[in-house]
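*Asks:* What follows is a structure written as structure tokens; I'll ask about it next.
The values are calculated or read from the model by the stated rules, or taken from the named source; none is laboratory data. Quantities reported herein were computed from a predicted structural model and do not represent experimental measurements. Glycine gets a Cβ as well: all are built from the backbone with ideal geometry, and neighbour counts include every protein chain shown.
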Amino acid sequence: MKGIILCAGLGTRLYPLTHATNKQLLPVYDKPMVYYPIQTLLDAGITDILCVVGGPFAGSFLHLLKDGKALGIRSLQYACQPEPNGPGDALLLAEEFAEGGPVTVIFGDQVTDASIRKPVQEFKGGATILLQEFVDPDGMGVPEFDPKDPTKIINIEESPKHPKTKYAATGIYVFDNTCFSLIKECRGEVAGEIKPTHINNKYIARGELGWDYLDGYWTDAGKIDRLYEASKYFADKAKK
């Protein structure tokens, strides 16, 4: 299992903060945001990591993370997404890095203290998504469960106005290597950016999507209120 952290994009939801630096380099309490997804992967036993970067501050990741050894990473590689063309395009840059094996993909603004070791170690193939209850479905994929089998997801809807469940997919996914061919299929079918929802619905159509609950604190720190919330959570946790 290898790990991929998606850190490209312009972080427009955090303007004007991200006029000066990349979103994932902003502090969450006492650490740069990108340290949190790195630690999530390391805690799951994943020590070979690719960081997909982009934008005007892409080089700052190398300055911060260097070869990753100081953080406990065995092998850290970088790939650059020249244009902010979405997560599907960014993930395709990792196809060679994956070397035909499975990957755990995590967005660089996913801040959590929950463990993903179990779904990573028990992964057999297809795709596994990590769910949590949400407050605002904007920008999130919300699953619809089979009425006859509440453990089975039959569809995922992106940013629904009328969510069919209280759960949403966090930005953490475990994919087998067919994810890359599925992204290429989506290129001819999807207008605009290819998102994880598109990929996951492909897995659903193949009967190969599983899910697990992310048990612990989690937030997408890509909005100013959530960035503040995450910093406060970890500051309060450090005082306990």
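*Asks:* Could you figure out which of (1) more than 28 Å from K118 (Cβ to Cβ); (2) in contact (Cβ under 8 Å) with a residue 60 or more places away in the chain isn't true of V34?
*Replies:* (1)
*Asks:* Identify all residues within region 197-226 that are buried (at least 18 other Cβ atoms within 10 Å of the Cβ), touching a Leu at 6+ places or on another chain (Cβ under 7 Å) and either among the small types (G, A, S) or over 18 Å from Q132 (Cα atoms) (or both); write none if there are none.
*Replies:* I199, K202, Y203, A221, G222
*Asks:* Of all residues being of a type in the set (G, A, S) and over 21 Å from E99 (Cβ atoms) in region 1-49, which is surrounded by the most Cβ atoms within 10 Å (Cβ to Cβ)? Just the residue, please.
*Replies:* The qualifying residue surrounded by the most Cβ atoms within 10 Å (Cβ to Cβ) is A8.
*Asks:* So A94 ticks every box in (1) of a type in the set (G, A, S); (2) touching a helix residue (DSSP H, G or I) at 6+ places or on another chain (Cβ under 9 Å); (3) closer than 22 Å to D176 by Cα; (4) surrounded by fewer than 18 Cβ atoms within 10 Å (Cβ to Cβ) but one. Which box is left unticked?
*Replies:* (4)
*Asks:* Okay, next question. Cβ-Cβ distance below 7 Å, separation of 6 or more or different chains: which pairs start in region 148-174 with a residue that is under 29 Å from P102 (Cα atoms) and end on one that is at pLDDT 95 or above and among the hydroxyl-bearing types (S, T, Y)?
*Replies:* Every condition considered, the pairs that remain are I156/T197; E158/T197; V174/T104; V174/T128.
*Asks:* Something else now. Cβ-Cβ below 6 Å, separation at least six or inter-chain, first residue in region 53-73 and of a type in the set (S, T, Y), second at pLDDT 95 or above: which pairs?
*Replies:* Sorted first by the residue in region 53-73, then by its partner, the pairs are S60/L25.
*Asks:* Same structure, new question: crowded, with 17+ Cβ neighbours inside 10 Å and within 18 Å of the chain's Cα centre (by Cα): is that true of G108 in this structure?
*Replies:* Yes: the conditions hold for G108.
*Asks:* May I ask you to list the residues in region 196-240 that are part of a helix (DSSP H, G or I) and under 29 Å from F180 (Cα atoms)?
*Replies:* If the condition is that a residue be part of a helix (DSSP H, G or I) and under 29 Å from F180 (Cα atoms), then P196, T197, H198, I199, N200, N201, K202, Y203, I204, A205 are the ones that fit.
*Asks:* Please go through region 1-36 and pick out each residue that is among the hydrophobic types (A, V, I, L, M, F, W, C) and part of a loop (DSSP other than H, G, I, E, B). Break it down into steps so the answer makes sense when it comes.
*Replies:* Initially, region 1-36 is screened for residues among the hydrophobic types (A, V, I, L, M, F, W, C), giving 1, 4-8, 10, 14, 17, 20, 25-26, 28, 33-34.
Residues satisfying the conditions are M1, A8, L10, A20, L26, M33, V34.
*Asks:* So H162 fits all but one of (1) part of a loop (DSSP other than H, G, I, E, B); (2) at pLDDT below 95; (3) closer than 19 Å to L214 by Cβ; (4) not aliphatic (A, V, I, L, M); what number is the exception?
*Replies:* (3)
*Asks:* To continue, here is another question. R13: touching a helix residue (DSSP H, G or I) at 6+ places or on another chain (Cβ under 8 Å), of a type in the set (D, E, K, R) and touching a residue at least 24 places away in the same chain (Cβ under 8 Å), yes or no?
*Replies:* Considered against the rule, which asks whether it is touching a helix residue (DSSP H, G or I) at 6+ places or on another chain (Cβ under 8 Å), of a type in the set (D, E, K, R) and touching a residue at least 24 places away in the same chain (Cβ under 8 Å), R13 comes out as yes.
*Asks:* Can you name the condition, by its number, that Y78 falls short on among (1) part of a strand (DSSP E or B); (2) more than 20 Å from E96 (Cα to Cα); (3) aromatic (F, W, Y)?
*Replies:* (2)
*Asks:* Quick one: Q39 ticks every box in (1) farther than 20 Å from W218 by Cβ; (2) modelled with pLDDT of 95 or more; (3) in contact with a Leu (Cβ under 9 Å, 6 or more places away or on another chain); (4) assigned to a helix (DSSP H, G or I) bar one, so which box is it?
*Replies:* All conditions pass for Q39, except number (1).
*Asks:* A follow-up question, please. Quickly run through region 165-190 and pick out the residues that are modelled with pLDDT of 95 or more and part of a loop (DSSP other than H, G, I, E, B).
*Replies:* Listed by number, the residues that qualify are D176, N177, T178.
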